[in-house]
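Written out below as structure tokens is the structure these notes cover.
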Amino acid sequence: MPELLEVEAARAVLEARALGRKIASVVANDAWYLKRGLTSAGVGDALVGRKLAAARRTGKQLLIDTSGIGRSRAAGPVLGLHLGMSGRVVVDGKSAGDPLLYTSNAENPAWLRFGVCFADGGSLWMRDPRRLGAVELDPDESRFGPDATVLDRRGLDRAIGRSRAPLKAVLMDQSRIAGLGNLLTDELLWRAGLDPARAAGGLEPSERVALLRAIRQTVRVLGRRGGSHTGDLQASRAPGGVCPRDGAELLRRTVGGRTTYSCPVHQR
Ligand SMILES: [Zn+2]
């Protein structure tokens, strides 16, 4: 499932290939894919004639600013794209990352859930076999916590608060911290030496320092390696897997509703 690193890679493709191009038509035949009351006709009316002006990201949400029409300086709506479990952004046939990673590489026209055709003949598609992504206009950006890549100590303290929820659940709650999914969270907690099931609000100050350092380090290192699946823990995420640090057999539990691997020896 795409986490912030995969969504950031999609954002970079949009920035490199899609900006400044005029929208000639919109293909939005899958009504279920359009959220918050958006209709096929409505999204076409809102976007045709505009250009894509900037590609932003908060957490796992892609945000594309659009220009005014003609000489109008008033900006157009923000096009929000969510990749869901298996979505990819494809611009002129190009997308980011390993095409086999989260989804089949076979081609099926039905997987093209939403498209923007540019006046220059190119296109932008949301390709999504599992259909769990979404398109909306002017998404409520206040519903996300701070992005994990720019999280600071104050933001972390605010996100954790006095929560008695498991640490892992709090870290993956997009309204508290945006962008962390299952793999990044298991990896960073393993690096920080913290038990995913601990009550988040009970962390000592020194543990919060270690947690923030691990969030930054994990995002930076795995981003450089090429994605959420490139963590040191990844190869051990299987029954019988052992901790790469101390060789202990990993615990496999459900924490925060997700399958979770952690080390019973050094994660406390
Ligand atoms: Zn260990």
Being over 23 Å from G84 (Cβ atoms) and either part of a loop (DSSP other than H, G, I, E, B) or free of Cβ contacts under 8 Å to residues at least 40 places away in the same chain (or both) is the filter here, so list the residues in the stretch 17-44 that pass it.
L19, G20, R21, A41
Where the second residue is within 8 Å of the ligand (Cβ to nearest atom) and of a type in the set (F, W, Y) and the first is over 14 Å from T260 (Cα atoms) and at pLDDT 95 or above and lies in the stretch 232-249, which pairs have Cβ atoms under 9 Å and are six or more apart or on separate chains?
D232/W190; P244/W190; R245/W190
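Using the structure shown, decide if G202 is within 19 Å of the chain's Cα centre (by Cα) and either of a type in the set (G, A, S) or more than 16 Å from the ligand (Cβ to nearest atom) (or both).
Working: within 19 Å of the chain's Cα centre (by Cα): no; either of a type in the set (G, A, S) or more than 16 Å from the ligand (Cβ to nearest atom) (or both): yes.
No: the conditions fail for G202.
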Of the numbered conditions (1) within 23 Å of R36 (Cβ to Cβ); (2) part of a helix (DSSP H, G or I), Q174 fails exactly one; give the number of that condition.
(2)
Taking the criterion of being in contact with a Ser or Thr (Cβ under 8 Å, 6 or more places away or on another chain), modelled with pLDDT under 95 and not acidic (D, E), would at least one residue in the stretch 4-13 satisfy it?
no
Within the stretch 217-249, can you find the residues that are surrounded by fewer than 17 Cβ atoms within 10 Å (Cβ to Cβ), more than 10 Å from the ligand (Cβ to nearest atom), among the charged types (D, E, K, R) and assigned to a loop (DSSP other than H, G, I, E, B)?
D232
Set M1, M85: member being touching a Lys or Arg at 6+ places or on another chain (Cβ under 6 Å) and of a type in the set (A, V, I, L, M, F, W, C):
M85
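Yes or no, residue by residue, for (1) out of contact with any Cys (no Cβ under 8 Å at 6 or more places or on another chain); (2) crowded, with 16+ Cβ neighbours inside 10 Å; (3) in a helix (DSSP H, G or I):
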site	(1), (2), (3)
G115	yes, yes, no
W125	yes, yes, no
P129	yes, yes, no
T149	yes, yes, yes
R164	yes, no, no
A169	yes, yes, yes
R213	yes, no, yes
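Here's the yes/no breakdown for (1) farther than 19 Å from M172 by Cβ; (2) among the charged types (D, E, K, R):
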| position | (1), (2) |
| --- | --- |
| G202 | no, no |
| E207 | no, yes |
| G223 | no, no |
| A238 | yes, no |
| A248 | yes, no |
| L251 | no, no |
| T260 | no, no |
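Against the definition (more than 16 Å from the ligand (Cβ to nearest atom), charged (D, E, K, R), in contact (Cβ under 8 Å) with a residue 12 or more places away in the chain and surrounded by fewer than 17 Cβ atoms within 10 Å (Cβ to Cβ)), how does R252 come out, yes or no? Let's see the steps before the verdict.
Details: more than 16 Å from the ligand (Cβ to nearest atom): no; charged (D, E, K, R): yes; in contact (Cβ under 8 Å) with a residue 12 or more places away in the chain: yes; surrounded by fewer than 17 Cβ atoms within 10 Å (Cβ to Cβ): yes.
No; evaluated as a whole, the condition is false for this residue.
Would a scan of the stretch 131-140 turn up a residue that is on the phi > 0 side of the Ramachandran plot and among the small types (G, A, S)? Give the derivation first.
Narrowing the stretch 131-140 to residues on the phi > 0 side of the Ramachandran plot: 131, 138.
With the extra rule that they be among the small types (G, A, S), the set shrinks to none.
Within the stretch 131-140, none of the residues are on the phi > 0 side of the Ramachandran plot and among the small types (G, A, S).
Do we have H266 as within 14 Å of the ligand (Cβ to nearest atom) and touching a residue at least 12 places away in the same chain (Cβ under 8 Å) here?
Numbers: within 14 Å of the ligand (Cβ to nearest atom): yes; touching a residue at least 12 places away in the same chain (Cβ under 8 Å): yes.
So H266 fits the description; yes.
The values are calculated or read from the model by the stated rules, or taken from the named source; none is laboratory data. Remember, it's a predicted structure, so these values are computed and weren't measured experimentally. Glycine also receives a Cβ, built like all others from the backbone with ideal geometry; neighbour counts cover every protein chain displayed.
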